[in-house]
Amino acid sequence: MLNKNILLCVCGGVAVFKAAALTSKLVQQGANVKVIMTNSAMKFITPLTFQVLSRNEVYVDTFNESNPEAVQHIDLAKWADITIIAPATANVIGKIANGIADDMLTTTIMATVNPVIIAPAMNVNMYNNKIVQENIDRLKKLDYIFFEPSEGLLACGDIGKGRLLEPEDIIKNLNNIFNESNYFNGKKILITAGPTIEKIDPVRFISNFSSGKMGYALAEQAARFGADVTLISGPTKLPPPKGIRLININSAEEMFEAVKENFELNKIIIKSAAVADYTPITIEDNKIKKKSNDMILKLKKTTDILKWLGDNKSDKVLIGFAAETNNVLEYAQDKLQRKNLDYIIVNDVSKEGAGFNVDTNIATLISRDGTKIDFPLLSKKDLAKQIMEVLYEKVVKDYDTR
Ligand code: PMT
């Protein structure tokens, strides 16, 4: 926690007393804490408590701009290494999920690019309310991190899930996040994602159903773990990920060129792209006219980029993907050997919830020594996190000796 800038956003709920204890513990551990309170929070506890505990001004009003050199909510958003909303009420979660920024807390969150953690606290029925759960799901998809409430006796007398985590547990979780953000410590990782498109004529192409979601999730997670990430991507509908060098390509040939250009600089390479195996021998200059009932399109093999990487890899760590529909493990192991990989991650794309163009995946990571790790049905974001944790343990810890 030492010297970390932590912005604590306090909403109106009976659990505000835990936010006061949290402030005190964070300061004791060397963090710089600034506090924003909503109007409702001030009905439970006064700003003075947080001011004394944090030794900083407490922010309550977007329009109280006493310092002409600063715009408070923007400056606070930039100042914070991490922002935590605790306790977070159903109301504030709903506002953020729906883009409402009508007070000091929500305008600051709107302006924040660093990680935001939300620690909900409310009655169990409110917490289970479908609207609240939908808002939480929405925010999770947008990379807000949730510290789930615990179960137990609630202030209203009900029993269930809705208690704000204890300050010690919040600090433990925060420490994990800070530690994780150093896992890859600037190490250079090259990741490929998405499909390639192989042109037939000016208006047609051959491609596949890859959405890029798996590759982008890996790139985003690697960046979150502190890696210096270059992402080579085929055409996708995904927004460019934050803090990642993005190189857009279209065809397998263009991906090969981009991979070669970035090969030397990167020591860890993950090939999750679905590269076309074949491409038309010629691209027609003009639109092909419809003539006979059938037509033959002549294709040639593309370069197997992963194989080229395996042949040239020297001390690099090479992780391939395999999309299979049958003999899944057998084919994946064959690719691992043939393409000289360190690891292969295989997904059986015939399974529901796995593979192309869905938000989830089911995968097995196979190491060169034959050991396997099975990942059950997980969101691609969670799978990416688990894969990166494995790579941190198996690859990064001995990286510097390579
Ligand atoms: O993008 P999503 O919708 O999220 O879907 C994710 C995914 C299903 C695309 C992903 O999880 C996945 O399995 N990616 C690899 C798809 C694939 O092309 O598998 P393959 O078994 O055909 O190829 C094996 C490996 O060789 C892959 O690492 C591939 O990038 C590589 N390859 C293939 C052909 C080629 N010409 N060059 C290559 O480098």
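The values are calculated or read from the model by the stated rules, or taken from the named source; none is laboratory data. Predicted model, so just to flag it, every value in this text is computed and none were measured. Cβ placement follows ideal geometry from the backbone for every residue including glycine, while neighbour counts extend to all protein chains displayed. Ligands, DNA and RNA are stripped out before the accessible areas are found, and what is left, the full protein with its side chains, is counted by its heavy atoms. Shrake-Rupley method; radii C 1.70, N 1.55, O 1.52, S 1.80 Å.
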Taking a ≥ b ≥ c as the square roots of the eigenvalues of the Cα gyration tensor, with a/c under 1.5 meaning rounded and otherwise prolate when a/b exceeds b/c and oblate if not, region 168-279 is prolate
Along the principal axes of its C-alpha atoms, what lengths does region 242-307 span, in descending order and rounded to whole Å? 51, 27, 18
Want the number for N327 to S350: 0.36 nm per residue separation, take away the alpha-carbon distance, what's left? 7.1 nm
Among V328, G30, I269, whose Cα lies farthest out toward the positive end of the dipole of the chain, if unit charges sit on the beta carbon of Lys, Arg (+1) and Asp, Glu (-1)? V328
Note on region 58-187: alpha-carbon gyration tensor, axes a ≥ b ≥ c; rule is a/c under 1.5 for rounded, else prolate if a/b larger than b/c, else oblate; result oblate
Can you send over the solvent-accessible area of E148, 1.4 Å probe, protein chains only, in Å² to the nearest 10? 70 Å²
Mind checking which of D285, D102, D304 has the largest fluctuation in a GNM of the chain, springs on alpha carbons under 10 Å? D285
In Å³ and rounded to a whole number, note down the convex hull volume per residue for the Cα atoms of the chain. 191 Å³
From the phi angles alone, apply the Karplus equation (6.51, -1.76, 1.60; θ = phi - 60°) to region 179-191 and give each ³J(HN,Hα) in whole Hz, x where the residue is Gly or Pro. 5, 4, 5, 10, 3, 9, 6, x, 5, 8, 10, 10, 10
May I ask for the distance between the Cα centers of region 183-200 and region 365-402, given as a whole number of Å? 17 Å
What pairs from K260/K339; K188/K397; K298/K335; K199/K380 go past 21 Å between their alpha carbons? K298/K335; K199/K380
Which net charge results for the neighbourhood of D359, defined as the other residues with beta-carbon distances under 9 angstrom from its beta-carbon, given Lys and Arg at +1 and Asp and Glu at -1? +4
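Output the peptides 103-112, 73-82 sorted from most to least packed, where packing is the average of other Cβ atoms within 10 Å over each peptide's residues.
Working: 103-112: 20.8, 73-82: 18.0.
My ranking of the peptides, most packed first, is 103-112, 73-82.
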If amide H atoms are built 1.01 Å from N in the plane of the peptide, which residues on other chains or at least 5 residues away come under 5 Å of the amide H of F184? G226, A227
Estimated dipole of region 57-142 in Debye, rounded to 20 [Cβ of Lys and Arg +1, of Asp and Glu -1, Cα centre]: 580 debye
Which order do peptides 369-375, 196-202 fall in by mean Cβ count within 10 Å, highest first? 196-202, 369-375
Once the other residues with Cβ under 10 Å from the Cβ of I281 are scored (Lys, Arg +1; Asp, Glu -1), what is the net sum? +2
Once label points are set 7 Å from the Cα along Cα→Cβ at both N182 and M295, what is their separation, rounded to one decimal in nm? 6.0 nm
Work out the length of the dipole vector of the chain about its Cα centre, built from +1 on the beta-carbon of each Lys and Arg and -1 on the beta-carbon of each Asp and Glu, and round it to the nearest 20 debye. 620 debye
Go ahead and run the numbers for FRET between N3 and E166, Cβ-Cβ distance against an R0 of 30 Å, rounding to 0.05. 0.80
Once you charge only the Cβ atoms, +1 for Lys and Arg and -1 for Asp and Glu, what is the size of the charge dipole of region 294-402 about its Cα centre, to the nearest 20 debye? 420 debye
Round to the nearest 10 and report in Å² the accessible area of K339, as given by a 1.4 Å probe over the protein chains' heavy atoms. 20 Å²
Step through the residues of region 49-64 one at a time and calculate ³J(HN,Hα) from phi using the Karplus curve (6.51 cos²θ - 1.76 cosθ + 1.60, θ = phi - 60°), rounding each to whole Hz and writing x for Gly and Pro. 4, 5, 4, 5, 5, 8, 6, 9, 4, 9, 9, 10, 9, 4, 9, 8
Which one of Q133, A70, A119 is farthest out on the positive end of the charge dipole of the chain, using unit charges on Cβ (Lys, Arg +1; Asp, Glu -1) and the Cα centre as origin? Q133
Among D311, D294, D143, which one moves the most in a GNM of the chain with springs linking Cα atoms closer than 10 Å? D294
Considering only A193, A155, P167, whose Cα is most displaced toward the positive end of the charge dipole of region 64-202, charges sitting on Cβ of Lys, Arg (+1) and Asp, Glu (-1)? A193
Rounded to whole Å and ordered largest first, report the semi-axes of the equivalent ellipsoid of region 323-402 derived from its Cα gyration tensor (root of 5λ). 22, 17, 9
Mind telling me which of D315, D382, D228 comes out most flexible in a GNM of the chain, alpha-carbon contacts under 10 Å? D315
Tilt of helix 213-224 relative to the longest C-alpha principal axis of the chain, in degrees (0 to 90, nearest 10)? 50 degrees
First check a/c for region 1-84, with a ≥ b ≥ c the square roots of the eigenvalues of its C-alpha gyration tensor; if it is under 1.5, answer rounded, and if not, answer prolate when a/b is larger than b/c or oblate otherwise. oblate
Dividing the helical contributions, -39500 (n - 2.57) per DSSP H run of n ≥ 4, by the residues of the chain yields a 222 nm value, nearest 500 deg cm²/dmol, of -10000 deg cm²/dmol
Strictly greater than 24 Å: what percent of every Cα pair in region 109-242 meets that? 50 percent
